[in-house]
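These notes are about the structure you will find just below.
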Amino acid sequence: MKLLMVLLAIGVLPTAALAGGEHAQGHSMENMEHHGDEDQVGRKGDPAKVERTVEVTMSDSMRFSPDKLRFKKDETVRLVVHNAGKIRHELVIGTMDELKEHAAMMRKNPAMKHAEPNMISLAPGKTGTLIWDFDRAGTFDFACLVPGHLEAGMRGEIMVK
Ligand SMILES: [Cu+2]
């Protein structure tokens, strides 16, 4: 450990290498107080500022309908999400890298309950809302992170411009 500290101190070893590649980017010291997911794709929206409501249905065929969403930059959107299936589904907004990483975590801990502003998890037959402020332009993703669902193709694309 002492050797490691010395290497760091003299700058031989970049700290990013220790923290583990790509994942380190969203968690650098300067944006530590923000939530990683929110930094890249937008942020939790203010219900009073909703400009558009879009309905998305999730089904046991492992599909979202629609699976392509188009928004204007800085638009606050209310997603009304309905689970039309007989098993639990969820809609999580993120970049595909984040979603895959999150999905891997869910596979290791299938019982893990997760709740974040960028997602909604729904029991069969339920409807819920997710309010999101798309404050950056770009192409993003959404997916169902119930183990196996993303892998089965339960994903969609969000384009913000
Ligand atoms: Cu699902």
**OP:** Starting at the first residue of region 155-161, write each ³J(HN,Hα) from the Karplus equation 6.51 cos²θ - 1.76 cosθ + 1.60 with θ = phi - 60°, in whole Hz, x for Gly and Pro.
**Re:** 8, x, 10, 10, 10, 10, 8
Original post:
Using θ = phi - 60° and the Karplus curve 6.51 cos²θ - 1.76 cosθ + 1.60, what whole-Hz ³J(HN,Hα) does each residue of region 41-56 get, with Gly and Pro shown as x?
Top reply: 10, x, 8, 3, x, 8, x, 6, 10, 4, 9, 8, 10, 10, 9, 10
Original post:
In whole Hz, what ³J(HN,Hα) sequence does region 68-84 give by Karplus (6.51, -1.76, 1.60; θ = phi - 60°), x for Gly and Pro?
Top reply: 10, 10, 10, 10, 8, 4, 6, 7, 9, 10, 9, 9, 9, 9, 10, 8, 8
Original post:
In terms of modelled amide H atoms, which long-range or inter-chain residues lie less than 5 Å from the amide H of F71?
Top reply: M159, V160, K161
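Roughly how big is region 57-161's charge dipole about its Cα centre, with Cβ charges of +1 (Lys, Arg) and -1 (Asp, Glu), in debye to the nearest 20?
Charge dipole of region 57-161: 260 debye, to the nearest 20.
Considering Cα pairs under 8 angstrom that are at least six residues apart, work out the relative contact order of region 37-160 and quote it in whole percent.
37 percent.
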Subject >> Anisotropy class of region 37-160 from Cα gyration tensor, a/c 1.5 cut >> reply: prolate
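The numbers here are math on the coordinates, done by the rules we state, and not lab data. Keep in mind that what you see is a predicted model, and the values were worked out from it rather than measured. Positions of Cβ are generated from backbone atoms using ideal geometry, with glycine treated the same way; all protein chains shown enter the neighbour counts.
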